[in-house]
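Working notes for the structure below.
The values are calculated or read from the model by the stated rules, or taken from the named source; none is laboratory data. Everything numeric here is computed off the predicted structure, so don't read it as measured data. Cβ sites come from the backbone with ideal geometry, for glycine too, and all protein chains shown count toward neighbours. Accessible surface is based on the protein model in full, side chains and every heavy atom, while ligands, DNA and RNA are left aside. Shrake-Rupley method; radii C 1.70, N 1.55, O 1.52, S 1.80 Å.
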Amino acid sequence: MNRVNLITLGTKDISKAHDFYKEIGFETTVVGDPDSPDIVFFRNEGSKISLYPIEHLAQDLNKEQPPAINQGGFQGITFAYNTKSKDEVDKVLTQVRQAGASVIKEAAPTDWGGYGGYFQDLDGYYWEVAYGDMWEFDEQNMLKV
């Protein structure tokens, strides 16, 4: 196991979440009714992301005793969008703010020599948007490490 193929975000309102991610530039495929999707898949480069109703995701883990759905609080997970310039960091944070996300850390120089900030999407997931002049990307725009 040396890859992640799909990251699923449990969402409180799949239609709103879908609209948000489309507005900030993700291309998607909807399974089910477009107004109330069963699941949404992102057609992004690299690892894939999907949206799924959070209560269904909890039941998928254990139908008889689904785990409690934590409302609020940091879950210890973040997602990252790595940019190819400082200007792109600023542009993305402006775009997500206009789409309804909360920018929780404005873009600034980082401790590790880069530049970045954080936003929280409509369901409370934290996303880092960051740039490092030392980074290289492969042909699928995945960060080489």
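Annotations
- Proximal lysines relative to LYS144, as straight alpha-carbon distance under 29 Å, when same-chain residues fewer than 8 apart are discounted: LYS22, LYS48, LYS84, LYS86, LYS91, LYS105
- Length added when fully stretched, ALA58-ASP87, from 0.36 nm per residue minus Cα-Cα: 6.6 nm
- Sparse-neighbour loop sites [chymotrypsin sites (Phe, Trp or Tyr not before Pro); segment 87-136; at most 13 other C-beta within 10 Å; DSSP]: TRP112
- Solvent exposure of segment 56-145 as accessible area per residue, Å², 1.4 Å probe: 68 Å²
- FRET E, pair MET134, ARG3, Förster distance 22 Å, beta-carbon r, rounded to 0.05: 0.40
- At R0 = 22 Å, FRET efficiency that the Cβ-Cβ distance of ASP13 and LYS105 yields, to 0.05: 0.35
- Its Cα centre serving as origin, the chain has a Cβ charge dipole (Lys and Arg +1, Asp and Glu -1) of approximately 160 debye.
- Looking at segment 100-145, the pairs of alpha carbons with a distance over 17 Å make up 45% of the total.
- Taking amide hydrogens as placed 1.01 Å from N in the peptide plane, the amide H of ILE39 sits under 5 Å from those of VAL31, each at least 5 positions away in sequence or on another chain.
- Whole-percent pair-distance distribution, where bins are 5 Å wide, for the alpha carbons of the chain: 2, 9, 16, 21, 20, 17, 9, 5, 2, 0
- Taking the empirical scaling 2.2 N^0.38 Å for compact globular proteins as reference, segment 1-69 has a Cα radius of gyration ratio of 1.16.
- Spacing of the two label points (7 Å from each Cα toward its C-beta) at PHE74 and THR28, in nm: 2.8 nm
- Applying the Karplus relation 6.51 cos²θ - 1.76 cosθ + 1.60 with θ = phi - 60° to segment 111-122 yields 3J(HN,Hα) values of 5, 9, x, x, 8, x, x, 10, 10, 10, 6, 5 Hz, where x marks Gly and Pro.
- Once the trypsin sites (Lys or Arg not before Pro) in DSSP loops with at most 14 neighbouring Cβ atoms within 10 Å are cut out of the chain, the longest remaining piece is 85-145.
- Shown for segment 92-138: the carbon plus sulfur share of the solvent-accessible area, taken with all protein chains present and a 1.4 angstrom probe, equals 44%.
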